[in-house]
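The values are calculated or read from the model by the stated rules, or taken from the named source; none is laboratory data. What you see is a predicted model, and the numbers here were worked out from it, not measured in a lab. Neighbour counts are summed over all protein chains in view; Cβ atoms, including those assigned to glycine, are modelled from backbone coordinates with ideal geometry.
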Amino acid sequence: MIRALVLFLLPFAAQAEVMRIATYNTELSRKGPALLLRDIGRDDPQVLAVVSVISAARPDIIALQGIDWDLEGAAIQALSQKLRNAGVDYGYFYAARPNAGLETPLDLDGDGRTQGPGDAQGWGQFTGQGGLAILSRYEIVTDEVLDFSELLWQDLPGAVLPFVDDHPFPSETAHKTQRLSSTAHWVVPIDTPFGRLDLMTFHAAPPVFDGPEDRNGLRNRDEIRFWSVLLNGDLGPVPKDPFVIAGDANLDPSRGEGHKQAIHTLLENPVVQDPLPTDPTGSTATVDWKATGEMRVDFVLPSRDLRVLDSGVLWPKEDAPLREYADQASRHRLVWVDVTLP
């Protein structure tokens, strides 16, 4: 179900036709339904850290990952209120049910059991765990949102699904049921004062935590490839409006595991530009995982017909006013890009 709500319509200060667009994996997911809403109401330290990071960056439009979805949009509305109290007002939000935690009766992960979090359309202990949301100052045209979350993996042109000894892994039935998106793929039109903008967002599965069949690695590859396929016109009409791809690809272009060609193909697409945002130290890293160290996995990629004025990576450890939140904030960093429409 699609939920969108006008929260209020108070304008920000005029910014001379410059829009700041950001992505941020908040890691605000919890282990059960409604627990995130509870923690927002309790001023949980992690919630306050996320609010502080977003309010420091002050994006006009932000794509959020790792935030639990609920049917009424209560959690995202509560988070919006916290941001409003911190001086960052968003008049619109969009949140639809993700594939994360969406149950199936099948063994989709090949562990020989059913009803586990890996047997959902996307890994999750309950429907909506670790979903997506968009907050915007500008009107979100919900009636025209393109939600590709139901697209079957096998139906993506050029898809490569897992096989073991020439047999579909874990089964042919699983291949006929498995959706591509581990969380979601959305194209969300936004009517800005300067023209229509399409925000394209997703959160791909990590290319690890599997076996020699490479199920997660191949799915990550095709979740990233989705955008190249869409932009090349192989999934229908090519989007005509300026766009920004903003999300968590869970794949570094050079470090760690995964099919690197997928992210390189996207970054090198002739209709996409990569501003290469950096933090104050000059690093392009957007996450710091204990097992692998710093990597660049979160991206904000404007279309070539947008003019990029500035970009950056915001991380509490590198921002003096935010250092008190460094231990509570997400392991991911907020990535932002300033653009103007043609």
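Structure notes:
- Of the residues making up the range 210-229, those that are in contact (Cβ under 8 Å) with a residue 60 or more places away in the chain and either part of a helix (DSSP H, G or I) or under 20 Å from the mean Cα position of the chain (by Cα) (or both) are Arg215, Arg219, Arg221, Asp222, Arg225, Phe226, Val229.
Yes/no per residue for (1) surrounded by 15 or more Cβ atoms within 10 Å (Cβ to Cβ); (2) in contact (Cβ under 8 Å) with a residue 60 or more places away in the chain; (3) touching a Ser or Thr at 6+ places or on another chain (Cβ under 7 Å); (4) closer than 30 Å to Gly233 by Cβ:
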| residue | (1), (2), (3), (4) |
| --- | --- |
| Glu257 | yes, no, no, no |
| Glu268 | no, no, no, yes |
| Asp274 | yes, no, no, yes |
| Thr292 | no, no, no, no |
| Pro302 | yes, yes, no, yes |
| Lys317 | yes, no, no, no |
| Leu322 | yes, yes, yes, no |
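- Qualifying residue in the range 90-98 (condition: assigned to a loop (DSSP other than H, G, I, E, B), free of Cβ contacts under 8 Å to residues at least 40 places away in the same chain and farther than 15 Å from Leu37 by Cα): no
- Among residues of the range 29-44, those that are part of a loop (DSSP other than H, G, I, E, B) and under 15 Å from Ala329 (Cα atoms), counted: 4
- When residues of the range 31-62 are limited to those that are under 24 Å from Gly124 (Cβ atoms) and small (Gly, Ala, Ser), the one modelled with the lowest pLDDT: Ala49
Listed here are the residues, each with its yes/no results for (1) part of a helix (DSSP H, G or I); (2) touching a strand residue (DSSP E or B) at 6+ places or on another chain (Cβ under 8 Å); (3) free of Cβ contacts under 8 Å to residues at least 12 places away in the same chain.
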residue	(1), (2), (3)
Gln46	yes, no, no
Ala56	yes, yes, no
Ala63	no, yes, no
Gly66	no, yes, no
Trp69	no, yes, no
Glu72	no, yes, no
Ala78	yes, no, no
Lys82	yes, no, no
